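S.K.: Take this structure, written in structure tokens, and hold onto it; I'll ask about it next.
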Amino acid sequence: MTDNQLEQTLADIHRICEVHQLRYAVIGGVALMAYFEQRTTSDIDLTIGIEFGNLEKIYDAFTTEFAPIKDDALNFFNAYFVLPLRHRKNDLTIDISAGVSGFERTVIKRRKKKKFGNATIYIASLEDLLIYKLIADREKDKIDLENLASQTRYRLDKTYLLKTAKLFAESGIDIELGAKQILEHRPSK
């Protein structure tokens, strides 16, 4: 993936969302790159705010320029709330998550507008990226968390991070310890 392909795909995502009035936030590796520029990734992950039963709106908006990867993609999207697509022009893949949970809606409300090369996009806040990484708990996420913890360029909203981690812990996803460990290494608001 070249920088030009990535920027063009991000610009296309932003344009499609603006035209169709879809509120979104880029998450994952691309969002980390927008903050720190020291991460590689092979795809673009985003969450789009939508109500249950309206997933077809996202599907219709994106499948003019992006090809579904899964067979019976709309049914897959309705069942799993993830829509994997491939850009028809440059073959880059994107994974759209239906932002139907309270957390994802909060992520979209807290999103930040950023320049990414020549593209302007909305990305998840740093605190929300940390939450996503703590939940995923994969090896690459642990490496990302270590890198994030060592960065001092951005200040974290300690209250929000701990409150959100506690809410996840109450629902059976215990990320409180990880959130506290990150805050030990970072300045807070």
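The values are calculated or read from the model by the stated rules, or taken from the named source; none is laboratory data. Please read all numbers here as calculations on a predicted model, not as lab measurements. Cβ atoms come from the backbone with ideal geometry, glycine included; neighbour counts cover every protein chain shown.
S.K.: Quick check, is Lys109 without any contact (Cβ under 8 Å) to a residue 12 or more places away in the chain, within 19 Å of Asp157 (Cβ to Cβ) and surrounded by fewer than 19 Cβ atoms within 10 Å (Cβ to Cβ)?
M.R.: It is true that Lys109 is without any contact (Cβ under 8 Å) to a residue 12 or more places away in the chain, within 19 Å of Asp157 (Cβ to Cβ) and surrounded by fewer than 19 Cβ atoms within 10 Å (Cβ to Cβ).
S.K.: So, of the residues in segment 29-83 that are of a type in the set (S, T, N, Q) and either out of contact with any helix residue (DSSP H, G or I) (no Cβ under 6 Å at 6 or more places or on another chain) or on the phi > 0 side of the Ramachandran plot (or both), which turns out to be surrounded by the most Cβ atoms within 10 Å (Cβ to Cβ)?
M.R.: Across segment 29-83, the extreme among qualifying residues is Thr63.
S.K.: So, one more: From the list Gln8, Gln21, which residue is surrounded by fewer than 18 Cβ atoms within 10 Å (Cβ to Cβ) and not in a strand (DSSP E or B)?
M.R.: Gln21
S.K.: Taking segment 6-27, which residues are farther than 14 Å from Lys114 by Cβ, touching a residue at least 24 places away in the same chain (Cβ under 8 Å) and out of contact with any Lys or Arg (no Cβ under 9 Å at 6 or more places or on another chain)? Give the steps one after another, and end with the answer.
M.R.: Taking segment 6-27 first, the residues farther than 14 Å from Lys114 by Cβ are 8-9, 12, 15-23.
Keeping just the survivors that are touching a residue at least 24 places away in the same chain (Cβ under 8 Å) gives 8-9, 12, 16-17, 19-20, 22-23.
Residues satisfying the conditions are Ile16, Val19.
S.K.: Another one. So which residues in segment 10-36 are farther than 24 Å from Phe103 by Cβ and either at pLDDT below 95 or touching an Asp or Glu at 6+ places or on another chain (Cβ under 8 Å) (or both)?
M.R.: Selection gives Asp12 alone.
S.K.: Let me ask something else about it. Hey, does segment 92-99 have a residue that's within 18 Å of the chain's Cα centre (by Cα), among the acidic types (Asp, Glu) and modelled with pLDDT of 95 or more?
M.R.: Yes, segment 92-99 contains at least one residue that is within 18 Å of the chain's Cα centre (by Cα), among the acidic types (Asp, Glu) and modelled with pLDDT of 95 or more.
S.K.: Checking Ile135 against (1) at pLDDT below 90; (2) touching a Lys or Arg at 6+ places or on another chain (Cβ under 9 Å); (3) not basic (Lys, Arg), only one condition comes out false. Which one?
M.R.: Among (1) at pLDDT below 90; (2) touching a Lys or Arg at 6+ places or on another chain (Cβ under 9 Å); (3) not basic (Lys, Arg), Ile135 violates only (2).
S.K.: In addition: For segment 121-150, give me each residue that is surrounded by fewer than 14 Cβ atoms within 10 Å (Cβ to Cβ) and of a type in the set (Ser, Thr, Tyr).
M.R.: Ser150
S.K.: Pick from segment 34-82 the residues that are in a strand (DSSP E or B) and hydrophobic (A, V, I, L, M, F, W, C): which of them is farthest from Lys113 (Cα to Cα)?
M.R.: Checking each candidate, the answer is Ala67.
S.K.: Among the residues of segment 146-170, write down those that are within 22 Å of Arg105 (Cβ to Cβ) and at pLDDT below 85.
M.R.: Leu156
S.K.: Condition check: of a type in the set (Val, Ile, Thr), assigned by TED's automatic domain parsing to the domain that holds Asp12 and crowded, with 16+ Cβ neighbours inside 10 Å. Does Ile96 satisfy that?
M.R.: Considered against the rule, which asks whether it is of a type in the set (Val, Ile, Thr), assigned by TED's automatic domain parsing to the domain that holds Asp12 and crowded, with 16+ Cβ neighbours inside 10 Å, Ile96 comes out as yes.
S.K.: Say we look at segment 78-128 and pick out the residues that are touching a His at 6+ places or on another chain (Cβ under 8 Å) and aliphatic (A, V, I, L, M); which of these is nearest to Glu18 (Cα to Cα)? Give the derivation first.
M.R.: Within segment 78-128, the subset touching a His at 6+ places or on another chain (Cβ under 8 Å) is 93-94, 119-122.
Restricting the remaining residues to those that are aliphatic (A, V, I, L, M) gives 94, 119, 121.
Values: Ile94: 17, Ala119: 13, Ile121: 11 Å.
Residue satisfying both the conditions and the ranking: Ile121.
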